[in-house]
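The structure appears below as structure tokens.
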Amino acid sequence: MKPDHAIKLISEVRDLQIVDSEGRNCGICDDIVFEGKAGGALTVSALLVGPGAYSGRLPRWACALVRLIAGEHVVRVPWAKVDKVTSRIFLTDRGEVLGLHRTENRLRRALMKVPTA
């Protein structure tokens, strides 16, 4: 399905895996940003990705844990950068270009410092 076709955004987009133009997984769609006015049409302007985007949906103790482990970073992916939506969201650009992979790269660097047995 192309992003300009009718889709049920909350049930068909939120919580889907996001894949960049190189086939690399780069997060989960944590929230959706709409634009429009009351009584008018709403349009999707962006997807929000990152631990800061879903922290408001978690209990306070879980928010603190997520913040400690992954931070509060939020990436705003313009809807225009969505190529298609199937069981995953495919982007037209590389994740790094859009600011994705930041948390994963940070955790990877931290894990590289852990000595192996």
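Just one of the listed residues (R76, R67, R57) is out of contact with any helix residue (DSSP H, G or I) (no Cβ under 8 Å at 6 or more places or on another chain) and at pLDDT below 85, and it is R57. Looking at region 51-65, is at least one residue on the phi > 0 side of the Ramachandran plot and surrounded by 15 or more Cβ atoms within 10 Å (Cβ to Cβ)? There is no residue in region 51-65 that is on the phi > 0 side of the Ramachandran plot and surrounded by 15 or more Cβ atoms within 10 Å (Cβ to Cβ).
Just give me the residues in region 57-83 being of a type outside the set (K, R), over 28 Å from R94 (Cα atoms) and assigned to a helix (DSSP H, G or I), in sequence order. Correct list: W61, A62, C63, A64, L65.
Would you pick out the residues in region 29-54 that are within 23 Å of I69 (Cβ to Cβ) and either modelled with pLDDT of 90 or more or over 14 Å from the mean Cα position of the chain (by Cα) (or both)? Of everything in region 29-54, those that are within 23 Å of I69 (Cβ to Cβ) and either modelled with pLDDT of 90 or more or over 14 Å from the mean Cα position of the chain (by Cα) (or both) turn out to be C29, L47, L48, V49. If the condition is being surrounded by 12 or more Cβ atoms within 10 Å (Cβ to Cβ) and outside any strand (DSSP E or B), then region 14-41 contributes R14, D15, L16, D20, S21, R24, C29, D30. Cβ separations smaller than 9 Å between residues 6+ apart or across chains give the following pairs from region 61-78 residues that are over 25 Å from F34 (Cα atoms) to residues that are in a loop (DSSP other than H, G, I, E, B) and hydrophobic (A, V, I, L, M, F, W, C): L65/L58; V66/L58.
For region 97-117, filtered to residues that are at pLDDT 80 or above and under 13 Å from the mean Cα position of the chain (by Cα), the residue that is farthest from I69 (Cα to Cα) is L98.
Within region 84-102, which residues are among the aliphatic types (A, V, I, L, M) and not in a strand (DSSP E or B)? Selection gives V97, L98, L100.
The values are calculated or read from the model by the stated rules, or taken from the named source; none is laboratory data. In this text the structure is predicted, and so the values were computed from the model without any measurement. Cβ atoms come from the backbone with ideal geometry, glycine included; neighbour counts cover every protein chain shown.
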